[in-house]
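Structure first, commentary second.
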Amino acid sequence: MSPSQQRKRQAGRILPALAVAAIAAVAALAAFVVAPRLNDQSASGSAGASAGTAASPSTSAPPSAAARNSFLNKPEPTYVATDPPTPTPSGAAADVLITWTTWNAAGHQLELGALVQAVSESGGTCTVTLTKDGHSVTASAPAEADVSSTGCLGLTVSGDKLSSGSWKAAVSYSSAKRRGTSDPVQVNIP
């Protein structure tokens, strides 16, 4: 079979598929344009038909474009992503979660990380409090704003201040607007 015959044969397969796709596109466009008008007419006509009376012709003006396309009549949203954050009352609750703890043997220190969920702000302070047998040790670090949260990174406690064994650790967060403390977690000091 020659190359020109192969092209004709391929065109014979492709053209019907393109014709079907074009017809489907025209039908979809027609449904999009005509359907709102049909819905308006059937809604007014079906009310009379369901009541057992014949639908009488309407003498009112045809509905406006906005009435036909009800999605245009939706109210504007009250909050969008580009709006500035809404102010929060001073001292509002903050949800703090300890995300990791590790013993750094080389640095001989306990390291912790925490997250202030659903709060993204600068200027806060994170404080870890470790307790064991009535003895408390604290350390603080500045909080760091992230896209949708605030991180408590760089919380470290020197091993010289901690005895071996099991300690309870809790991280608190404090800023001009928010305050909160995590649930305590157990950490083991070697």
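Rule-based calculations on the coordinates, nothing more; no lab input. All figures in this text were calculated on a predicted structure; none of them were measured in a lab. Note: ideal-geometry Cβ built from the backbone for every residue, glycine included; neighbour counts use all protein chains shown.
Data table
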read-out: Breaking point among (1) within 25 Å of the chain's Cα centre (by Cα); (2) exposed (fewer than 14 other Cβ atoms within 10 Å of the Cβ), for LEU97; value: (2)
read-out: When residues of segment 117-137 are limited to those that are among the hydrophobic types (A, V, I, L, M, F, W, C) and under 19 Å from LYS168 (Cα atoms), the one surrounded by the most Cβ atoms within 10 Å (Cβ to Cβ); value: CYS126
read-out: Cβ pairs under 8 Å, 6+ apart, first in segment 138-162 and within 12 Å of SER172 (Cβ to Cβ), second part of a loop (DSSP other than H, G, I, E, B) and of a type outside the set (Asp, Glu); value: ALA143/SER122; ALA143/GLY123; ALA143/GLY124; ALA143/SER175; CYS152/ALA143
read-out: Number of positions in segment 143-169 that are of a type outside the set (A, V, I, L, M, F, W, C), loosely packed, with under 13 Cβ neighbours inside 10 Å and in contact with a Ser or Thr (Cβ under 7 Å, 6 or more places away or on another chain); value: 1
